[in-house]
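The values are calculated or read from the model by the stated rules, or taken from the named source; none is laboratory data. These numbers come from a predicted model, not from an experiment. Here the Cβ positions follow ideal geometry from the backbone for every residue, glycine too, while neighbour counts run over all protein chains shown. SASA here: full protein model, heavy atoms, side chains in, ligands and nucleic acids out. Shrake-Rupley method; radii C 1.70, N 1.55, O 1.52, S 1.80 Å.
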Amino acid sequence: MIRLHRPLLLALTTALIAAAAVLAVAQPSTAGPPPAPAAFKHPGVLVDKAQLDFARRQVLAGAQPQTSAYDAMKASSYADLAYTPKPRAVVECGSNSIPNNGCTDERNDALAAYTHALLWYITRDDRYAKKSIQIMDAWSAVLQDHTNTNAPLQTGWSGASFSRAGELIKHTYGGPWAQRVRFETMLRTIYLPEVRNGAGCKNGNWELIMTDAAIGIAVFLDDHAAFNKAISIWRGRLPGYIYETSDGAYPKAPTTCPMDSRDEIVDYWQGQSTFTNGLAQETCRDFGHTGWGLTAATHVAETAWHQGVDLYGEAGKRLTDGYYFHTRLENGAAVPPDLCGGTVKLGLGAVTEIVYNHYHNRLGRQMPTTLAYTEAKRPAGANYFFAWETLTHANNPR
């Protein structure tokens with residue numbers, strides 16, 4: 001048996017440890033993207049406490065544009081303390097919400113729950129918190145399913161707003177919420193399974209809206225696996241929704257919808273065959289659906305930002321180019337003859353407040369075209385799955 005002197009043994013041991021460390025570093029990573037944070041930040045679905053406190057101070061001081069945004073919210077039907085929810089066991093939504101069996105009611109009730117949660121935070125009047133809870137409880141008591149062809153999109157629209165409402169009440173209101181676990185169970189078992197795996201080859205606004213709901217629900221439920229899944233879906237969809245010349249001669253296919261030919265891509269992009277930075281997959285469909293896709297993508301990035309994941313940094317040029325491309329045309333720029341046959345359907349909507357706030361107010365980037373459009377749309381109202389973003393995000397660098 002060979003005996004090693006102690007100094008030599010220590011030297012060999014040190015060398016082996018160092019070699020093992022080098023080999024470990026040299027191995028390719030198979031772990032995928034960085035995981036969700038060990039502990040989620042709450043409130044942290046679309047807005048965090050610092051943003052809410054800033055908005056509240058602005059309103060109490062009568063400062064603009066928050067005060068006009070707050071006044072518009074307070075005057076809306078969603079803010080009525082006599083608001084009566086209209087839940088049902090099965091929400092059936094076909095294409096274009098035909099049939100519309102509970103579709104509009106569910107979306108409106110979710111927006112109302114979020115509106116009352118915001119009103120609670122600004123006013124500290126617990127009647128608003130109780131109304132938000134009443135609406136959420138009404139749905140969690142009876143809802144069993146979403147059906148028909150628009151079920152995934154409907155679930156995304158409503159789930160996005162319900163997760164924001166639940167997050168604010170759960171983490172800012174100290175009063176009782178006896179049925180909170182029932183509401184959490186509803187989101188976990190009825191909403192999340194419908195939205196968490198993406199939309200495949202549907203138009204991109206579907207998948208981005210569904211992912212907006214999925215990441216909000218994940219944070220609300222402290223579900224790390226669902227959070228990471230939403231991040232993965234977003235990373236695979238965004239390059240398939242907003243084009244950059246760095247993608248190549250034509251856009252990439254979304255990871256949830258494999259396509260292997262240029263003809264398939266052109267058909268998917270509404271027949272558009274020339275591509276430029278910021279063009280979106282639905283640009284030649286209409287700007288309304290495109291606005292939904294852009295703002296849903298931004299919502300995911302904003303929620304991820306609050307949780308320490310910088311999707312904004314990963315996709316900064318793609319996102320800002322997408323907004324610039326469309327707000328420029330909304331502001332009156334001539335439509336190029338090779339874009340959508342020389343005609344576009346405007347109507348982007350009030351969808352730019354959050355993206356402008358991040359890149360300009362947090363990072364200091366100049367975005368004059370997006371700013372002009374944003375200011376023209378203030379105060380942003382509530383629609384389908386986004387609400388009161390002038391109040392929560394305008395000039396808010398928190």
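Rg and Dmax of the range 39-120, using alpha carbons, in Å: what are they?
Over the range 39-120's Cα set, Rg and Dmax evaluate to 16.1, 46 Å.
Between Thr149 and Ala372, what is the label-point separation in nm under the 7 Å Cα-to-beta-carbon projection?
Once both label points are built, they end up 4.0 nm from each other.
Pairs to check: Lys130/Lys317; Lys74/Lys252; Lys41/Lys317; Lys74/Lys229; Lys86/Lys170. Give those whose C-alpha atoms are more than 32 Å from each other in this structure.
Flagged as over cut-off: Lys130/Lys317; Lys74/Lys252; Lys74/Lys229.
Carbon and sulfur together cover what percent of the accessible area of the range 113-210 at a 1.4 Å probe radius?
47 percent
If you compute volume of the Cα convex hull per residue in Å³ for the structure shown, which of [x] 176; [y] 142; [z] 202 do you land on?
The value matching this structure is [z].
FRET efficiency for Asp71 and Ile98, Cβ-Cβ distance as r, R0 = 30 Å, nearest 0.05?
0.30
If each residue of separation counts as 0.36 nm, what is the full-extension length gain between Gln270 and Ala61 once their alpha-carbon separation is subtracted?
70.5 nm
What FRET efficiency, computed as 1/(1 + (r/R0)^6) with R0 = 30 Å and r the Cβ-Cβ distance, is obtained for Asp310 and Thr189, rounded to the nearest 0.05?
0.45
Roughly to the nearest percent, how much of the accessible area of the range 234-315 is carbon and sulfur, given a 1.4 Å probe?
Looking at the range 234-315 in its full context, I get 47 percent from C and S.
Just to confirm, what accessible area per residue do you get for the range 240-345 at 1.4 Å probe, in whole Å²?
Accessible area per residue, the range 240-345: 38 Å².
Of all the C-alpha pairs in the range 28-185, what % are more than 21 Å from each other?
51 percent
Ala38 versus Ala225, label points 7 Å from Cα toward the beta carbon: distance in nm?
If labels sit at Ala38 and Ala225, their model points lie 2.2 nm apart.
How far apart, in nm, are the 7 Å Cα→Cβ label points at Asp263 and Thr172?
For Asp263 paired with Thr172, the spin-label model returns 5.4 nm.
Solvent-accessible area per residue for the range 123-225 at a 1.4 Å probe radius, Å²?
In whole numbers, the range 123-225 has 33 Å² accessible per residue.
Add -39500 (n - 2.57) for each DSSP H run of 4 or more in the chain, then divide by its residues: what number comes out at 222 nm, to the nearest 500 deg cm²/dmol?
Computed ellipticity for the chain at 222 nm equals -16500 deg cm²/dmol.
Per the 1.4 Å probe, what fraction of the accessible area of the range 66-111, in percent, lies on carbon and sulfur atoms?
The C+S portion of the solvent-accessible surface of the range 66-111 is 49 percent.
For the chain, what does the relative contact order come out to in percent, with C-alpha contacts under 8 Å and a separation of six or more?
Contact order relative to length: 18 percent.
Suppose we keep just the DSSP beta bridges with both residues in the chain; what percent of those would be antiparallel, to 5?
Antiparallel: roughly 70 percent of the beta bridges in the chain.
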